[in-house]
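Contents: one structure, followed by commentary.
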Amino acid sequence: MEEEVDKMLGLSIALIGAALGAAFGAIGSAKGVGMAGEAAAGVLAEKPELFGTVLILQALPGTQGFYGFIGAFLILLRLGILGGNFPELTIAQGLTVFAVSIPLIFGLFVSAIWQGKASVAALQMIAQRPQTTGQAIIIPALVETYAILSLITSIILLFFGVKL
């Protein structure tokens, strides 16, 4: 009986990790896109002709939400849950899968918020000097690198570091 509970606990820990990875990516993206949206509204009130550029800068912090979803999807796929199986995992295996989610949880959450801040600064830049649009897009795009690295780290850990 105790062994049965431990195996259910292991799977639960793994699923909590996947859920937190998706949730924190989404929360960070919502915060980042929201911050950029506030700045975007100010720019568009003065210069509606910049809508296309403003839209790109506001949307950039939203990618972390997608990366979190991809990470959670891959964890569920690796566990076999998407195939209809509910594996029995030991607590140690569950914790290992949870550890896979840590780059998603922290990397995506933090990078989305900082990308939102960079987008706000870029929006202020194009409001004053619209000819700097290309440079302005690169500034928040550089933050994206760390979100991508977080996702890649989780994928590597999931497929090469987890023994099920």
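Every number in this text was worked out from the coordinates using simple rules, so none of it is lab data. As the structure is a computational prediction, the values presented were derived from the model and not from experiment. A quick note on method: Cβ atoms are made from the backbone with ideal geometry, for glycine too, and the neighbour counts reach across all protein chains shown.
Percentage of Cα-Cα pair distances in segment 101-140 greater than 14 Å, rounded to whole percent?
Values: 395 of 780 pairs.
The share of Cα pairs beyond 14 Å in segment 101-140 comes to 51 percent.
Between 0 and 90 degrees, rounded to the nearest ten: what's the tilt of helix 63-79 against the longest Cα principal axis of the chain?
The answer is roughly 10 degrees.
Take segment 71-143, compute every pairwise Cα distance, and split them into 10 Å bins from 0; I just need the percent in each bin.
The distribution over segment 71-143 is 18, 29, 19, 17, 13, 4, given as percents.
With the Cα gyration tensor of segment 56-110 in hand, convert its eigenvalues to equivalent ellipsoid semi-axes via √(5λ) and list them largest first in whole Å. Working shown, then result.
Numbers: eigenvalues 146, 40, 4 Å².
They are 27, 14, 4 Å, listed from largest to smallest.
Give me the extension gain from I16 to F51: residue separation times 0.36 nm, minus the current Cα-Cα distance, reported in nm with one decimal.
Working: separation 35, 0.36 × 35 = 12.60 nm, distance 3.93 nm.
Residue separation times 0.36 nm, minus the Cα-Cα distance, leaves 8.7 nm.
Using Cα atoms only, what is the angle between the long axis of helix 109-128 and the major principal axis of the chain, expressed in degrees (0 to 90) to the nearest 10?
Between helix and principal axis, roughly 10 degrees.
Which three extents, in angstrom, do the Cα atoms of segment 22-164 have along their principal axes, listed largest first?
So the three principal-axis extents are 58, 23, 19 Å.
Report, in debye and to the nearest 20, how large the dipole of segment 23-140 comes out about its Cα centre when Lys and Arg carry +1 and Asp and Glu carry -1 on their Cβ.
Details: 5 positive and 4 negative charges, 29 e Å.
Its charge dipole is roughly 140 debye.
Name the residue farthest towards the positive end of the dipole of the chain from the options I16, I81, L60, assuming +1 on Cβ of Lys and Arg, -1 on Cβ of Asp and Glu, about the Cα centre.
L60
Could you identify which residue out of L77, L95, L60 has the top mean-square fluctuation in a GNM of the chain using Cα springs shorter than 10 Å?
Largest GNM mean-square fluctuation: L77.
So how compact is segment 1-58: Cα radius of gyration and Dmax in angstrom?
Rg then Dmax for segment 1-58, in Å: 21.0, 67.
For the chain, what is the calculated [θ] at 222 nm in deg cm²/dmol (nearest 500), taking -39500 (n - 2.57) for each run of four or more DSSP H residues and dividing by its residue count? Walk me through the intermediate numbers first.
Working: 6 runs with 131 residues, N = 164.
Computed ellipticity for the chain at 222 nm equals -28000 deg cm²/dmol.
Count neighbours as other Cβ atoms within 10 Å of each site's Cβ, and list the trypsin sites (Lys or Arg not before Pro) in segment 61-164 that are DSSP loop with at most 12 such neighbours.
Details: sites: R78, K117, K163; in loops: K163.
Of the trypsin sites (Lys or Arg not before Pro), the ones in loops of segment 61-164 whose Cβ has at most 12 other Cβ atoms within 10 Å are K163.
Quick one: Cα centre-to-centre distance for segment 1-79 and segment 94-156, in angstrom?
11 Å
Treating the angle as unsigned and between 0 and 90°, give the value, to the nearest 10°, between the Cα long axis of helix 133-160 and the longest Cα principal axis of the chain.
Relative to the chain, helix 133-160 is tipped by roughly 0 degrees.
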